[in-house]
Amino acid sequence: MKKSLIYGMVLATALMSSCKGDYDDWAAPQGYDAEEAQNVSLTASDGATIDMNNVTGETINLFSTTFEAPEGFTVTGYELEVGATEEEVDVLPSDANGSIATADLVSLVESIYGKAPVERTLKAASTIYLSKDGESFYAHSNFVDVKVTLITPDISQNYYLVGDFCGWDEASMLKFSHSDVNIYDDPVFTIKFTTTEANQYWKIIPQKNIDNGEFWANPGVVGVAVDGDASMSGFLVTENAQAGKIEEPGKYIMTIDMMAGTYSITKQPLELYMTGSNYGWGATWLPMTPCYGSDEDFWTIIYLHEGEQFKFAPQAGWGDDFGGQATVNDVAGANITVDGTNLVAGKAGWYLLYIHNGSERTFTVLQPNVYLIGDTAGEWNVADSHKFTIPTTEDGVFESPAFANDAELRMCVSIEGFDWWKTEFIILGGDIAYRGRGGDQERVAVKVGQKAYLNFAKGTGEIK
(Lines give C-alpha, C1' and ligand atoms only; values in the text may rest on other atoms or scores of the structure.)
Protein backbone atom coordinates (compact mmCIF):
# COMPACT_ATOMS: atom_id res chain seq x y z
CA MET A 1 0.00 0.00 0.00
CA LYS A 2 1.22 3.54 -0.70
CA LYS A 3 1.13 6.56 1.56
CA SER A 4 2.47 10.09 1.34
CA LEU A 5 4.71 10.56 4.32
CA ILE A 6 3.19 12.92 6.89
CA TYR A 7 4.83 12.84 10.27
CA GLY A 8 2.37 12.47 13.07
CA MET A 9 0.00 10.15 11.16
CA VAL A 10 0.10 6.36 11.24
CA LEU A 11 -1.89 3.58 9.69
CA ALA A 12 -5.01 2.29 11.35
CA THR A 13 -4.86 -1.20 12.80
CA ALA A 14 -7.43 -2.43 10.27
CA LEU A 15 -5.30 -1.37 7.34
CA MET A 16 -2.19 -2.87 8.83
CA SER A 17 -3.96 -6.16 9.46
CA SER A 18 -4.88 -6.41 5.79
CA CYS A 19 -1.19 -6.19 4.89
CA LYS A 20 0.21 -8.63 7.43
CA GLY A 21 -0.12 -11.87 5.47
CA ASP A 22 2.41 -14.23 7.06
CA TYR A 23 3.34 -11.76 9.83
CA ASP A 24 0.53 -12.48 12.28
CA ASP A 25 3.08 -13.14 15.00
CA TRP A 26 4.41 -9.61 14.67
CA ALA A 27 2.84 -6.90 16.81
CA ALA A 28 0.32 -4.68 15.03
CA PRO A 29 0.67 -0.87 14.99
CA GLN A 30 -1.72 1.41 16.82
CA GLY A 31 -4.55 3.54 15.46
CA TYR A 32 -4.67 7.04 14.02
CA ASP A 33 -4.96 8.66 17.43
CA ALA A 34 -1.35 7.82 18.35
CA GLU A 35 0.79 10.84 19.22
CA GLU A 36 4.47 11.34 18.61
CA ALA A 37 6.31 10.05 21.65
CA GLN A 38 8.35 12.61 23.61
CA ASN A 39 11.85 11.85 24.87
CA VAL A 40 11.94 8.77 22.62
CA SER A 41 14.76 8.34 20.09
CA LEU A 42 14.73 6.06 17.03
CA THR A 43 17.70 6.32 14.66
CA ALA A 44 18.35 4.33 11.48
CA SER A 45 21.87 3.72 10.18
CA ASP A 46 24.02 1.40 8.08
CA GLY A 47 21.65 0.97 5.15
CA ALA A 48 22.27 -2.46 3.61
CA THR A 49 23.65 -3.26 0.17
CA ILE A 50 21.73 -6.35 -0.89
CA ASP A 51 22.43 -8.68 -3.83
CA MET A 52 19.41 -10.97 -4.12
CA ASN A 53 21.61 -13.56 -5.87
CA ASN A 54 23.15 -14.18 -2.42
CA VAL A 55 19.98 -14.06 -0.30
CA THR A 56 18.48 -17.35 0.89
CA GLY A 57 16.35 -16.36 3.88
CA GLU A 58 12.62 -15.60 3.89
CA THR A 59 13.25 -12.29 5.71
CA ILE A 60 15.92 -9.64 5.28
CA ASN A 61 17.23 -6.73 7.33
CA LEU A 62 17.49 -3.37 5.58
CA PHE A 63 19.36 -1.29 8.18
CA SER A 64 20.34 -0.98 11.84
CA THR A 65 18.33 0.98 14.41
CA THR A 66 19.13 2.56 17.76
CA PHE A 67 16.11 2.95 20.05
CA GLU A 68 16.00 4.78 23.40
CA ALA A 69 12.88 5.37 25.53
CA PRO A 70 12.18 6.25 29.21
CA GLU A 71 10.76 3.62 31.52
CA GLY A 72 7.06 2.96 31.21
CA PHE A 73 6.87 2.72 27.39
CA THR A 74 5.87 -0.62 25.89
CA VAL A 75 6.55 -1.46 22.23
CA THR A 76 3.35 -2.65 20.51
CA GLY A 77 4.29 -2.85 16.83
CA TYR A 78 6.74 -2.20 14.04
CA GLU A 79 6.69 -1.28 10.38
CA LEU A 80 9.04 -0.06 7.69
CA GLU A 81 8.50 2.61 5.08
CA VAL A 82 10.35 1.87 1.85
CA GLY A 83 10.21 3.58 -1.53
CA ALA A 84 12.07 5.30 -4.32
CA THR A 85 11.73 8.65 -2.51
CA GLU A 86 10.90 9.75 1.03
CA GLU A 87 7.63 11.29 -0.17
CA GLU A 88 6.16 8.15 -1.73
CA VAL A 89 6.70 4.93 0.16
CA ASP A 90 5.23 1.51 0.73
CA VAL A 91 4.39 0.55 4.28
CA LEU A 92 5.58 -2.99 4.99
CA PRO A 93 5.16 -5.11 8.13
CA SER A 94 8.35 -5.53 10.11
CA ASP A 95 9.61 -7.51 13.07
CA ALA A 96 11.45 -6.18 16.10
CA ASN A 97 14.76 -6.39 14.26
CA GLY A 98 13.55 -4.24 11.39
CA SER A 99 13.40 -7.17 8.99
CA ILE A 100 10.80 -7.53 6.21
CA ALA A 101 9.82 -10.42 3.99
CA THR A 102 12.31 -11.00 1.17
CA ALA A 103 9.40 -11.50 -1.24
CA ASP A 104 7.94 -8.11 -0.26
CA LEU A 105 11.24 -6.38 -0.98
CA VAL A 106 11.57 -8.05 -4.39
CA SER A 107 7.98 -7.16 -5.32
CA LEU A 108 8.54 -3.54 -4.28
CA VAL A 109 11.73 -3.16 -6.35
CA GLU A 110 10.04 -4.76 -9.38
CA SER A 111 7.00 -2.47 -9.07
CA ILE A 112 9.21 0.64 -9.01
CA TYR A 113 12.10 -0.23 -11.31
CA GLY A 114 11.20 -3.43 -13.15
CA LYS A 115 13.00 -6.77 -13.11
CA ALA A 116 16.36 -5.81 -14.59
CA PRO A 117 19.24 -6.97 -12.32
CA VAL A 118 20.63 -3.45 -11.82
CA GLU A 119 21.55 -1.95 -8.44
CA ARG A 120 18.63 0.21 -7.25
CA THR A 121 18.55 2.72 -4.40
CA LEU A 122 15.61 2.77 -1.99
CA LYS A 123 14.80 5.14 0.85
CA ALA A 124 13.88 3.30 4.03
CA ALA A 125 12.80 4.31 7.53
CA SER A 126 11.34 2.58 10.59
CA THR A 127 8.31 3.33 12.75
CA ILE A 128 7.85 1.86 16.23
CA TYR A 129 4.45 1.95 17.95
CA LEU A 130 4.34 2.37 21.71
CA SER A 131 1.90 2.56 24.60
CA LYS A 132 2.09 4.12 28.05
CA ASP A 133 -0.60 4.46 30.68
CA GLY A 134 -3.29 3.45 28.15
CA GLU A 135 -2.22 5.98 25.53
CA SER A 136 -0.74 5.21 22.09
CA PHE A 137 2.45 6.73 20.70
CA TYR A 138 4.86 6.26 17.83
CA ALA A 139 8.46 7.07 17.00
CA HIS A 140 9.78 7.52 13.47
CA SER A 141 13.39 7.21 12.36
CA ASN A 142 15.36 9.08 9.77
CA PHE A 143 15.60 7.70 6.19
CA VAL A 144 18.65 5.80 5.02
CA ASP A 145 19.67 4.51 1.60
CA VAL A 146 19.27 0.81 0.90
CA LYS A 147 20.77 -0.62 -2.28
CA VAL A 148 19.18 -3.69 -3.87
CA THR A 149 20.16 -5.77 -6.91
CA LEU A 150 17.62 -8.33 -8.08
CA ILE A 151 18.50 -11.88 -9.08
CA THR A 152 20.04 -12.14 -12.51
CA PRO A 153 17.96 -14.62 -14.54
CA ASP A 154 19.82 -16.71 -17.09
CA ILE A 155 18.39 -14.90 -20.13
CA SER A 156 20.35 -14.19 -23.30
CA GLN A 157 19.92 -11.04 -25.33
CA ASN A 158 18.92 -13.09 -28.38
CA TYR A 159 17.72 -16.59 -29.25
CA TYR A 160 17.84 -18.51 -32.52
CA LEU A 161 15.78 -21.39 -33.87
CA VAL A 162 17.47 -24.29 -35.63
CA GLY A 163 15.88 -27.40 -37.08
CA ASP A 164 15.16 -29.69 -39.99
CA PHE A 165 13.16 -26.96 -41.75
CA CYS A 166 15.91 -24.32 -41.77
CA GLY A 167 19.22 -25.94 -40.85
CA TRP A 168 21.24 -26.86 -37.78
CA ASP A 169 24.13 -24.40 -37.93
CA GLU A 170 24.85 -20.74 -37.30
CA ALA A 171 24.65 -19.88 -40.99
CA SER A 172 21.04 -21.06 -41.31
CA MET A 173 19.57 -20.35 -37.87
CA LEU A 174 16.49 -18.11 -37.56
CA LYS A 175 16.45 -15.22 -35.08
CA PHE A 176 13.60 -14.73 -32.60
CA SER A 177 12.13 -11.22 -32.46
CA HIS A 178 11.87 -9.20 -29.25
CA SER A 179 10.44 -5.87 -28.09
CA ASP A 180 12.47 -2.76 -27.24
CA VAL A 181 11.92 -3.44 -23.51
CA ASN A 182 14.88 -4.94 -21.63
CA ILE A 183 14.89 -8.74 -21.54
CA TYR A 184 14.27 -8.93 -17.78
CA ASP A 185 11.05 -6.94 -17.89
CA ASP A 186 10.01 -8.59 -21.16
CA PRO A 187 11.52 -12.09 -21.34
CA VAL A 188 9.20 -13.15 -24.18
CA PHE A 189 10.61 -13.88 -27.66
CA THR A 190 8.65 -14.85 -30.79
CA ILE A 191 9.40 -16.22 -34.24
CA LYS A 192 7.43 -17.10 -37.37
CA PHE A 193 8.55 -20.03 -39.50
CA THR A 194 7.26 -22.49 -42.08
CA THR A 195 7.68 -26.24 -42.30
CA THR A 196 7.01 -28.01 -45.58
CA GLU A 197 7.55 -31.59 -44.42
CA ALA A 198 6.13 -33.72 -41.61
CA ASN A 199 7.97 -34.47 -38.35
CA GLN A 200 10.42 -31.57 -38.30
CA TYR A 201 12.74 -31.37 -35.27
CA TRP A 202 13.86 -28.14 -33.57
CA LYS A 203 16.07 -26.68 -30.84
CA ILE A 204 16.94 -23.14 -29.67
CA ILE A 205 20.41 -21.59 -29.46
CA PRO A 206 21.06 -18.72 -26.98
CA GLN A 207 23.26 -15.77 -27.91
CA LYS A 208 25.77 -16.65 -25.19
CA ASN A 209 26.61 -19.93 -26.94
CA ILE A 210 27.47 -18.01 -30.09
CA ASP A 211 29.44 -15.35 -28.20
CA ASN A 212 31.43 -18.06 -26.42
CA GLY A 213 32.10 -19.95 -29.63
CA GLU A 214 30.32 -23.04 -28.28
CA PHE A 215 27.26 -23.41 -30.51
CA TRP A 216 26.12 -26.70 -28.93
CA ALA A 217 27.28 -26.02 -25.37
CA ASN A 218 25.51 -28.11 -22.71
CA PRO A 219 24.07 -26.74 -20.53
CA GLY A 220 23.06 -23.83 -22.73
CA VAL A 221 21.17 -25.14 -25.75
CA VAL A 222 17.43 -24.83 -25.14
CA GLY A 223 15.00 -27.64 -25.90
CA VAL A 224 12.60 -30.13 -24.32
CA ALA A 225 13.19 -32.90 -21.81
CA VAL A 226 12.11 -35.79 -24.07
CA ASP A 227 13.47 -36.19 -27.58
CA GLY A 228 10.77 -35.95 -30.23
CA ASP A 229 8.22 -34.32 -27.92
CA ALA A 230 5.50 -33.06 -30.29
CA SER A 231 3.64 -31.00 -27.67
CA MET A 232 2.59 -27.56 -28.88
CA SER A 233 3.34 -26.06 -25.47
CA GLY A 234 5.33 -27.00 -22.41
CA PHE A 235 8.50 -26.37 -20.44
CA LEU A 236 11.97 -25.71 -21.80
CA VAL A 237 15.18 -27.18 -20.41
CA THR A 238 18.78 -26.01 -20.80
CA GLU A 239 20.59 -29.10 -19.54
CA ASN A 240 20.72 -32.16 -21.80
CA ALA A 241 18.11 -30.42 -23.97
CA GLN A 242 16.41 -32.67 -26.50
CA ALA A 243 14.74 -31.73 -29.80
CA GLY A 244 11.06 -30.89 -30.01
CA LYS A 245 9.06 -31.97 -33.05
CA ILE A 246 6.49 -30.32 -35.34
CA GLU A 247 4.37 -33.08 -36.81
CA GLU A 248 2.47 -31.30 -39.59
CA PRO A 249 3.68 -29.00 -42.38
CA GLY A 250 2.48 -25.43 -42.06
CA LYS A 251 3.14 -21.89 -40.90
CA TYR A 252 3.80 -21.47 -37.18
CA ILE A 253 4.47 -18.89 -34.49
CA MET A 254 6.65 -20.00 -31.57
CA THR A 255 6.64 -17.97 -28.36
CA ILE A 256 9.17 -18.56 -25.59
CA ASP A 257 9.10 -17.03 -22.09
CA MET A 258 12.65 -17.33 -20.79
CA MET A 259 11.73 -16.13 -17.30
CA ALA A 260 9.06 -18.80 -16.89
CA GLY A 261 10.95 -21.33 -19.02
CA THR A 262 7.95 -22.13 -21.22
CA TYR A 263 7.13 -22.32 -24.92
CA SER A 264 4.03 -22.41 -27.10
CA ILE A 265 3.67 -23.14 -30.81
CA THR A 266 0.62 -21.98 -32.74
CA LYS A 267 -0.19 -23.09 -36.26
CA GLN A 268 -1.17 -20.18 -38.48
CA PRO A 269 -3.73 -20.22 -41.28
CA LEU A 270 -2.05 -21.11 -44.55
CA GLU A 271 -1.75 -18.65 -47.41
CA LEU A 272 -1.34 -19.22 -51.12
CA TYR A 273 0.24 -17.09 -53.84
CA MET A 274 0.54 -17.41 -57.63
CA THR A 275 3.39 -16.42 -59.92
CA GLY A 276 4.54 -17.37 -63.39
CA SER A 277 5.91 -16.32 -66.73
CA ASN A 278 3.65 -13.24 -66.86
CA TYR A 279 4.82 -12.14 -63.38
CA GLY A 280 8.59 -12.40 -63.73
CA TRP A 281 8.71 -15.84 -62.10
CA GLY A 282 8.68 -14.56 -58.54
CA ALA A 283 9.09 -10.84 -59.18
CA THR A 284 5.34 -10.58 -58.41
CA TRP A 285 3.25 -12.91 -56.27
CA LEU A 286 -0.54 -12.68 -56.57
CA PRO A 287 -2.40 -13.49 -53.32
CA MET A 288 -5.16 -16.09 -53.55
CA THR A 289 -8.36 -15.59 -51.51
CA PRO A 290 -8.99 -18.22 -48.82
CA CYS A 291 -12.41 -19.81 -48.53
CA TYR A 292 -13.98 -18.93 -45.20
CA GLY A 293 -13.48 -21.67 -42.59
CA SER A 294 -10.66 -23.44 -44.44
CA ASP A 295 -6.87 -23.32 -44.24
CA GLU A 296 -6.51 -25.38 -47.42
CA ASP A 297 -8.91 -23.93 -50.02
CA PHE A 298 -8.24 -20.82 -52.14
CA TRP A 299 -9.65 -19.09 -55.19
CA THR A 300 -9.13 -16.18 -57.55
CA ILE A 301 -10.62 -14.76 -60.73
CA ILE A 302 -7.86 -14.09 -63.22
CA TYR A 303 -7.16 -13.63 -66.93
CA LEU A 304 -4.89 -16.37 -68.31
CA HIS A 305 -2.93 -15.84 -71.51
CA GLU A 306 -2.36 -18.50 -74.14
CA GLY A 307 0.92 -20.26 -73.36
CA GLU A 308 1.21 -18.61 -69.93
CA GLN A 309 2.98 -20.79 -67.35
CA PHE A 310 2.27 -20.48 -63.65
CA LYS A 311 2.48 -22.19 -60.27
CA PHE A 312 1.66 -21.63 -56.58
CA ALA A 313 3.46 -21.34 -53.23
CA PRO A 314 2.30 -21.06 -49.58
CA GLN A 315 4.14 -17.75 -49.20
CA ALA A 316 5.09 -14.83 -51.40
CA GLY A 317 8.38 -16.49 -52.26
CA TRP A 318 9.91 -19.75 -53.39
CA GLY A 319 9.62 -22.83 -51.21
CA ASP A 320 7.18 -25.76 -51.37
CA ASP A 321 5.95 -24.28 -54.66
CA PHE A 322 3.84 -26.52 -56.87
CA GLY A 323 1.94 -26.60 -60.15
CA GLY A 324 2.21 -29.68 -62.27
CA GLN A 325 2.30 -31.81 -59.10
CA ALA A 326 -1.40 -31.06 -58.45
CA THR A 327 -4.32 -33.02 -59.86
CA VAL A 328 -5.83 -30.87 -62.64
CA ASN A 329 -9.59 -30.51 -63.20
CA ASP A 330 -10.09 -28.31 -66.26
CA VAL A 331 -13.87 -27.82 -66.03
CA ALA A 332 -13.86 -24.51 -67.94
CA GLY A 333 -11.86 -25.76 -70.91
CA ALA A 334 -8.76 -23.63 -70.50
CA ASN A 335 -6.75 -26.44 -72.12
CA ILE A 336 -4.42 -26.69 -69.11
CA THR A 337 -1.30 -28.78 -69.67
CA VAL A 338 1.72 -29.58 -67.50
CA ASP A 339 5.31 -28.63 -68.27
CA GLY A 340 7.54 -30.14 -65.60
CA THR A 341 6.32 -28.60 -62.34
CA ASN A 342 4.52 -25.73 -64.12
CA LEU A 343 0.95 -25.42 -65.31
CA VAL A 344 0.36 -24.02 -68.82
CA ALA A 345 -2.79 -22.26 -70.09
CA GLY A 346 -3.75 -23.26 -73.62
CA LYS A 347 -6.72 -20.92 -74.13
CA ALA A 348 -6.75 -17.25 -73.15
CA GLY A 349 -9.63 -15.84 -71.12
CA TRP A 350 -11.09 -15.14 -67.71
CA TYR A 351 -11.25 -18.08 -65.28
CA LEU A 352 -12.08 -18.90 -61.69
CA LEU A 353 -9.14 -20.85 -60.28
CA TYR A 354 -9.84 -23.01 -57.22
CA ILE A 355 -6.93 -24.72 -55.43
CA HIS A 356 -7.13 -27.26 -52.61
CA ASN A 357 -3.71 -27.22 -50.91
CA GLY A 358 -4.03 -30.09 -48.46
CA SER A 359 -2.24 -33.41 -48.09
CA GLU A 360 -3.44 -33.90 -51.67
CA ARG A 361 -3.37 -30.94 -54.01
CA THR A 362 -5.99 -30.25 -56.66
CA PHE A 363 -6.19 -27.45 -59.22
CA THR A 364 -9.63 -26.76 -60.70
CA VAL A 365 -10.43 -24.29 -63.48
CA LEU A 366 -14.05 -23.03 -63.45
CA GLN A 367 -16.05 -20.50 -65.41
CA PRO A 368 -15.54 -17.05 -63.79
CA ASN A 369 -19.17 -16.68 -62.72
CA VAL A 370 -19.92 -13.88 -60.26
CA TYR A 371 -23.35 -13.54 -58.67
CA LEU A 372 -25.46 -10.95 -56.92
CA ILE A 373 -27.11 -12.46 -53.89
CA GLY A 374 -29.50 -11.32 -51.20
CA ASP A 375 -31.93 -8.44 -51.33
CA THR A 376 -30.13 -6.73 -54.22
CA ALA A 377 -30.78 -9.90 -56.25
CA GLY A 378 -34.28 -10.38 -54.89
CA GLU A 379 -33.44 -13.75 -53.30
CA TRP A 380 -30.74 -15.50 -51.25
CA ASN A 381 -29.91 -18.25 -53.74
CA VAL A 382 -27.12 -18.47 -56.31
CA ALA A 383 -28.99 -18.37 -59.64
CA ASP A 384 -28.10 -17.86 -63.27
CA SER A 385 -30.39 -14.83 -63.43
CA HIS A 386 -28.06 -13.05 -60.97
CA LYS A 387 -24.84 -13.60 -62.94
CA PHE A 388 -22.52 -10.79 -63.95
CA THR A 389 -21.52 -10.51 -67.59
CA ILE A 390 -18.02 -11.84 -68.36
CA PRO A 391 -15.70 -9.63 -70.44
CA THR A 392 -13.63 -11.00 -73.30
CA THR A 393 -10.58 -8.77 -72.83
CA GLU A 394 -8.00 -8.63 -70.07
CA ASP A 395 -8.96 -5.06 -69.12
CA GLY A 396 -12.70 -5.75 -69.36
CA VAL A 397 -15.29 -5.17 -66.64
CA PHE A 398 -17.76 -7.65 -65.10
CA GLU A 399 -21.25 -6.07 -64.99
CA SER A 400 -24.04 -7.11 -62.64
CA PRO A 401 -27.80 -7.23 -63.30
CA ALA A 402 -29.67 -4.15 -62.08
CA PHE A 403 -30.31 -4.22 -58.33
CA ALA A 404 -33.81 -5.42 -57.50
CA ASN A 405 -34.18 -3.39 -54.29
CA ASP A 406 -32.72 -0.65 -52.15
CA ALA A 407 -30.54 -2.95 -50.05
CA GLU A 408 -27.04 -3.93 -48.98
CA LEU A 409 -24.72 -5.18 -51.71
CA ARG A 410 -23.64 -8.85 -51.49
CA MET A 411 -21.68 -10.70 -54.20
CA CYS A 412 -20.01 -14.11 -54.41
CA VAL A 413 -18.53 -16.81 -56.58
CA SER A 414 -19.82 -20.37 -56.38
CA ILE A 415 -17.49 -23.24 -55.48
CA GLU A 416 -18.85 -26.72 -54.80
CA GLY A 417 -18.72 -27.59 -51.11
CA PHE A 418 -18.81 -23.99 -49.90
CA ASP A 419 -21.84 -21.86 -49.02
CA TRP A 420 -22.02 -18.57 -50.92
CA TRP A 421 -21.01 -16.49 -47.89
CA LYS A 422 -17.72 -18.40 -47.66
CA THR A 423 -16.67 -16.96 -51.04
CA GLU A 424 -18.32 -13.54 -50.86
CA PHE A 425 -16.92 -10.04 -51.42
CA ILE A 426 -18.13 -6.45 -51.71
CA ILE A 427 -16.95 -3.06 -53.00
CA LEU A 428 -15.42 -0.77 -50.37
CA GLY A 429 -13.89 2.60 -51.20
CA GLY A 430 -13.64 1.71 -54.87
CA ASP A 431 -11.80 -1.57 -54.24
CA ILE A 432 -12.95 -5.18 -54.36
CA ALA A 433 -12.85 -6.34 -50.72
CA TYR A 434 -12.84 -10.09 -50.16
CA ARG A 435 -14.20 -11.67 -47.02
CA GLY A 436 -11.66 -14.50 -46.96
CA ARG A 437 -11.35 -15.84 -43.43
CA GLY A 438 -12.70 -12.62 -41.88
CA GLY A 439 -16.03 -11.94 -40.21
CA ASP A 440 -19.05 -10.18 -41.65
CA GLN A 441 -17.92 -7.30 -43.81
CA GLU A 442 -18.94 -3.68 -43.59
CA ARG A 443 -22.27 -3.25 -45.36
CA VAL A 444 -22.68 -0.99 -48.39
CA ALA A 445 -26.13 0.41 -49.20
CA VAL A 446 -27.18 0.62 -52.87
CA LYS A 447 -30.27 1.75 -54.76
CA VAL A 448 -32.73 -0.16 -56.92
CA GLY A 449 -31.74 -0.02 -60.57
CA GLN A 450 -28.04 0.55 -59.91
CA LYS A 451 -25.40 -1.96 -61.02
CA ALA A 452 -22.00 -3.18 -59.78
CA TYR A 453 -18.99 -3.06 -62.10
CA LEU A 454 -15.90 -5.12 -61.25
CA ASN A 455 -12.41 -4.84 -62.75
CA PHE A 456 -10.57 -7.90 -61.41
CA ALA A 457 -7.39 -6.99 -63.30
CA LYS A 458 -7.10 -3.78 -61.25
CA GLY A 459 -8.91 -5.01 -58.12
CA THR A 460 -11.41 -2.15 -58.32
CA GLY A 461 -15.17 -1.82 -58.27
CA GLU A 462 -17.84 0.77 -58.94
CA ILE A 463 -21.54 1.16 -58.16
CA LYS A 464 -23.62 3.32 -60.46
Per the 1.4 Å probe, what fraction of the accessible area of the chain, in percent, lies on carbon and sulfur atoms?
-> 45 percent
Along each of the three principal axes of the Cα atoms of the chain, give the extent in whole Å, ordering the values from largest to smallest.
-> 109, 61, 30
Compactness of the range 120-231 - radius of gyration and Dmax, Cα, Å | 25.1, 84
Value of Rg to Rh for the range 412-454 (Rh from inverse mean 1/r over Cα pairs, i.e. Kirkwood) = 0.98
Taking +1 at the Cβ of each Lys and Arg and -1 at the Cβ of each Asp and Glu, which of LEU270, SER136, TYR252 sits farthest along the dipole of the chain towards its positive end, judged by Cα position relative to the Cα centre?
-> LEU270
Cross-link table LYS192/LYS245; LYS115/LYS203; LYS208/LYS245, entries beyond 20 Å C-alpha to C-alpha = LYS115/LYS203; LYS208/LYS245
Gap in Å between the Cα centre of the range 73-131 and the Cα centre of the range 191-236?
-> 42 Å
Take the alpha-carbon centre of the range 355-425, take the same for the range 428-462, and report the distance between them in whole Å.
-> 12 Å
24 Å Cα-Cα threshold exceeded, pairs from LYS347/LYS458; LYS311/LYS347; LYS251/LYS458 = LYS251/LYS458
Could you work out, for the range 361-443, what percent of all Cα-Cα pairs fall into each 10 Å distance bin, beginning at 0 Å and stopping at the bin that holds the largest distance?
-> 17, 49, 31, 4, 0
Mean separation of Cα contacts under 8 Å (6+ apart) over length of the range 162-287, as relative contact order % = 22 percent
Could you give the angle, 0 to 90 degrees to the nearest 10, between helix 102-113's Cα long axis and the longest principal axis of the Cα atoms of the chain?
-> 60 degrees
Compute the Rg to Rh ratio over the range 173-229 from the alpha carbon atoms, using the Kirkwood formula for Rh, and round to two decimal places.
-> 0.99
For the chain, report the accessible area per residue in Å² (1.4 Å probe, heavy atoms, rounded to an integer).
-> 47 Å²
How high is the relative contact order of the chain, in percent, counting Cα pairs under 8 Å that sit 6 or more residues apart?
-> 8 percent
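The values are calculated or read from the model by the stated rules, or taken from the named source; none is laboratory data. Just so it is clear, the model here is predicted, and its values are computed rather than measured. Virtual Cβ from ideal backbone geometry, glycine too; neighbours counted across all protein chains shown. What goes into the accessible areas is simple: the full protein's heavy atoms, side chains included, and nothing from ligands, DNA or RNA. Shrake-Rupley method; radii C 1.70, N 1.55, O 1.52, S 1.80 Å.
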